[in-house]
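One structure is given here, and the rest of the page talks about it.
Bear in mind that the values in this text are calculations on the coordinates, not laboratory data. What you are looking at is a predicted structure, and each value in this text was computed from that prediction instead of being measured. With ideal geometry, Cβ positions are generated from the backbone for all residues, glycine too; neighbour counts draw on all protein chains shown.
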Amino acid sequence: MEQATDLPLWLEDLGDPDLEVNVETQGTIRLPTGAITACDPLSFLDSARCFARQVEPGEYPIEVGKLEEGGQVAYALIRFSDALIESWDVGLVADRDRPRLGFPSYPADTGVGCFVDGQVAKALIERGQDHFDAGAKWIADRGVDTEDDDAWQEAFEAYEKEHPPPLSDVSAGDVVGVDDADGELVTFATGRGAGTYSSFWALDGTGAPVCLLTDFGLLDLVEGDDATDEADSGATDDDDDDLDDEDDFDGDSDGEGSGGTGLDALLRLVQGGGAFGDDEPAETEVDSPFVILANDTLNGWETDGTVELEDGASRESFVDAFAEFLASEPTPDKLEDWLFDQDAIAEVYGDSDALWQTLRKQARAARPT
């Protein structure tokens, strides 16, 4: 099978009985247009974008692969045919190029992911807007001061107790019919919970899609890897966030010495290691690993709809500043605070955990093999 060397290696073994997953069919999904979105439907449906590659409209089965030990969902896919998989391709959204390192991914703050046709997503987003507009009218009818943010928010929460928003009762494993859009939204648990997750197209010998698969990062952990050690010890992403600023890296940011490259050092940081020691980090070079990681993390955030730059802002200047920040002692809270302080940033839609998860994923993807 043709396999790009930088894709998750386990994809080669999809369907292999030795993969140690239990495959379950989770209903079917109607795709009225064949333009597909993968996202966290409970947090980011309104900002999600469809993949550039499309399929023939139709009804297709959804499969989830659950780990034999633990039962976590390792992947979810839409199957379009039973043809032999000959190659894999990265799932790019429309009008976006692939980052130089890592893969486009979506944030799943709620631990729930989904597949949904773009037309169905649009209908659900319109329902959400209708719900908001009705809530605003409900609040206005009660004379709440619209200039008082706290009072307005309190009133809106009261409104939602009486009138729950669309998808409020949706959880992992649901098939949500949207008959007015001729389709469904199908949800599933995302691995061990919140994180950022990438999707891939399996193609047959003619280049036609066999399936669209979202990988939840549980099957590409290699024994001896930091990530595997984390899984074996029962550590969680929250554990990784509790960093000790006084711990030292074993090497420097130029890649000399016992610690390997600066990217290796940053990888240890985002996987739970320490920060730089007494030595100041080397000044960032244009082609340094920190600049590469900064650029690709920004690409990931923009693809996910997590971060938006101001119109006219210098992307290069922001990436350079971000790289210098990464070469310091970042923690999740520091990262969020730093972004909010940047004039180049228009909006930040994700919380510190979502931002940090993208950084972790890009650092893992960039790790030298």
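Return the lysines within reach of LYS334: Cα separation strictly under 26 angstrom, same-chain partners fewer than 8 residues apart disregarded; answer none if there are no such residues.
Of all the lysines, those that pass the test against LYS334 - Cα under 26 Å, at least 8 places apart if same chain - are LYS361.
Lysines near LYS137 by alpha-carbon distance under 22 Å, same-chain residues fewer than 8 away left out - which ones?
LYS161
Which whole-Hz couplings ³J(HN,Hα) result when phi for each residue of the range 170-177 is put into the Karplus expression 6.51 cos²θ - 1.76 cosθ + 1.60, θ = phi - 60°, listed in order with x for Gly and Pro?
3J(HN,Hα) across the range 170-177, in whole Hz: 8, 9, 4, x, 9, 10, 9, x.
For the residues TRP152, TRP301, what sequence is obtained by ranking on other C-beta atoms within 10 Å, fewest first? Each step should come with its number before you reach the end.
Details: TRP152 17, TRP301 26.
Arranged by neighbour count, lowest to highest, TRP152, TRP301 become TRP152, TRP301.
Any idea what Rg and Dmax come out to for the range 73-144 if you just take the C-alpha atoms, in Å?
My reading of the Cα-based Rg and Dmax gives 19.2, 63 Å.
What distance in nm separates the simple spin-label points at GLU24 and LYS334, each placed 7 Å from Cα in the Cβ direction?
4.2 nm
I'd like the GluC sites (Glu not before Pro) in the range 131-221 restricted to DSSP loop residues with at most 14 other Cβ atoms within 10 Å, sorted by number.
Working: sites: GLU147, GLU154, GLU157, GLU160, GLU162, GLU184; in loops: GLU147.
When the GluC sites (Glu not before Pro) of the range 131-221 are filtered for loop state and at most 14 Cβ neighbours within 10 Å, GLU147 remain.
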